[in-house]
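The values are calculated or read from the model by the stated rules, or taken from the named source; none is laboratory data. Source: prediction; values computed, not measured. All Cβ positions, even for glycine, are placed from backbone atoms using ideal geometry, and neighbour counts span all protein chains on display. Remember, those area values only see protein heavy atoms, side chains included, never the ligands or the DNA or RNA. Shrake-Rupley method; radii C 1.70, N 1.55, O 1.52, S 1.80 Å.
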Amino acid sequence: MKAYLFVLVVLLSGFSAGVVYGFINFVTTEPFLDSAIELENRADFQSGKEKDTPEFRAEYNAYRYWQKGGMVLAGGIFGLATGSLFGIVFAYSRKSLPGKHDVQKALVLAGLMWLAVFMIPFLKYPANPPTVGDPNTVVYRAILYLSFIAISGLGALAFYKLYKKISKNKKVLAFVGYAIFIGIAFVMMPQNPDKVLAPMDLVSGFRTMSATSVTIYWIINAVILGALWHRFQARHELQKELG
Amino acid sequence: MSQSKHMTVLDSKVPVSAVVILAAVFGFGLFVVGYDQGHLLSLVIGEQAFKDLYIHELTHDMRHAAGFPCH
């Protein structure tokens, strides 16, 4: 496979999966986002900050229309970004991943990356709907979240290197090592400073849907990348054979 | 080594040019979706971008859905 084809395959698979992920969110997380924002509206009405007038509703609906419209576009950009990282790691690790077909290999890698750069950080810093989060701490929270993703991801990479170096009967030590490493990091990293004051059924429901949707995204990205990779790699090998 | 050979992806030899492009897409995309608070548009429309927050609002729902701190 040529380099430009490699880039195209990675971007196409990430973007496609991201757009599908954006549409999935209309069903999964959007109802919770609407409920949470309506709670914010009610709080504003009660405090006298806003009045529930037709003008307010018209402005609010236009604002939400812009935000909801952005879900699919932002999903595509999210897919391009996350898919690019996935594609780079897949290119470097493909030969050592278990599985006969590239889709199998991509699914294995997606599972590992989902765990390292999504689920473990998510367990420490779970997604929150609007109404949760003090705007004054957003930069601090962003640094915490990104730092933990980097710690977990780079830690997984380091232990993968170790996994490749050690003998076959000791490979389990790499998994144990990563578990200890990330367990310590999990405890050492500071807590989210903001208290959750929103109804817990709303927050829990949102978090469940958020995690489910991201998980589906990783599966879709892996299936598309693996399928495209397999197709173009096979074509490239055939061309080489034919001279 | 010819250009085409140099640009060929082998499992053991991933081309640096492709990795650099994808790494740039990763960094830029992550910033747009997860962290921009008017920074990008401020390059075009100046300080007003930090008040309008167009990109922030456009990616608002995805930020929450994907787990990024939003506000």
Radius of gyration and maximum dimension Dmax of the protein assembly as shown, Cα, Å: 21.5, 76
Compute the angle between helix A:54-93 and the longest alpha-carbon principal axis of chain A, please, reported from 0 to 90 degrees and rounded to the nearest 10. 20 degrees
Using only Cα atoms, find the angle between the long axis of helix A:3-27 and the longest principal axis of chain A, and express it within 0 to 90 degrees, rounded to the nearest 10. 30 degrees
Let me have the 222 nm mean residue ellipticity of the protein assembly as shown computed from DSSP H runs of 4+ only, each contributing -39500 (n - 2.57), with the sum over all residues rounded to the nearest 500. -25000 deg cm²/dmol
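Within a 10 angstrom radius of each residue's Cβ in A:27-35, how many Cβ atoms of other chains show up on average? Whole number is fine. Present the calculation step by step, with values, prior to reporting the outcome.
Details: counts 0, 1, 5, 3, 0, 2, 4, 1, 0.
Mean inter-chain Cβ contacts per residue within 10 Å come to 2.
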What does the structure give for A:68-74 when I average, per residue, the other chain Cβ atoms found within 10 Å of the residue Cβ? 6
Taking segment A:85-183, the equivalent ellipsoid from its C-alpha gyration tensor has semi-axes in Å, biggest first, of 30, 16, 11
Report, in degrees rounded to the nearest 10, the 0 to 90 angle that the Cα long axis of helix A:172-188 makes with the longest principal axis of chain A. 20 degrees
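Run the accessible area of the protein assembly as shown with a 1.4 Å probe and give the carbon-and-sulfur part as a rounded percent.
On the way: 11210 of 16340 Å².
Carbon and sulfur: 69 percent of the exposed surface of the protein assembly as shown.
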Amide H neighbours of A:LYS2 under 5 Å, at least 5 residues apart or on other chains, H built in the peptide plane: list them. B:VAL9
Which lysines, on any chain, are close to A:LYS51 with Cα under 19 Å apart, when same-chain ones fewer than 8 places away are left out? none
Protein chains only, probe 1.4 Å: how do A:TYR60, A:TYR65, A:TYR163, A:TYR4 rank by accessible area, largest first? A:TYR65, A:TYR4, A:TYR163, A:TYR60
Can you compute the FRET efficiency between A:PHE23 and A:LYS171 using 1/(1 + (r/R0)^6), with r the Cβ-Cβ distance and R0 = 30 Å? Round to the nearest 0.05. 0.15
Förster-model FRET efficiency, 25 Å R0, A:ASP34 and A:ILE143, C-beta, rounded to 0.05: 0.30
